[in-house]
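The values are calculated or read from the model by the stated rules, or taken from the named source; none is laboratory data. Computed from a predicted structure; not experimentally measured. With ideal geometry, Cβ positions are generated from the backbone for all residues, glycine too; neighbour counts draw on all protein chains shown. Surface accessibility is based on the protein's heavy atoms, side chains included, excluding ligands, DNA and RNA. Shrake-Rupley method; radii C 1.70, N 1.55, O 1.52, S 1.80 Å.
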Amino acid sequence: MMKKNVCVSSVVVCAMVLALLWAEVGPMAEAATCNPLDLSPCLPAITNSSPPSTTCCQKLRQQKSCLCNYLKNPSLRQYINSPGARKVASSCAVAYPSC
């Protein structure tokens, strides 16, 4: 029971961090569709070993052109560049960007 609470807490904390970051950075200038919060369905797969959901993979494909901008943003880089995010990208058959 404790492990489940820790995982849920991690997801909640990550969602709150992403919400705060979104409030700080706003929409990316290059593409009006770039919204890091759209990747929130991927949080469970990024923060633990669960496989990414279909929704996560769809959102990741939609945001693929935004990933380099996210990597350039110091507030977002640590999340996009994490081992969990790389694993999710691989599982979703989305090439990790080389910016």
Query - Cut-off 11 Å, label 7 Å out along Cα→Cβ of residue 68, residues of the range 76-99 by amide N - result: 97-99
Report summary line: Going residue by residue through the range 70-80, the Karplus relation 6.51 cos²θ - 1.76 cosθ + 1.60 with θ = phi - 60° gives ³J(HN,Hα) values, rounded to whole Hz and with x marking Gly or Pro, of 5, 5, 6, 8, x, 6, 9, 3, 4, 7, 6
Query raised in the report: Accessible surface of residue 33 in the full protein assembly, 1.4 angstrom probe, to the nearest 10 Å²?
Result: 100 Å²
Query raised in the report: What residues have an amide H closer than 5 Å to that of residue 81, excluding those fewer than 5 places away on the same chain, when H is modeled at 1.01 Å from N in the peptide plane?
Result: none
Report task. Give me the accessible area of residue 82, 1.4 Å probe, in Å² rounded to the nearest 10. Result -> 20 Å²
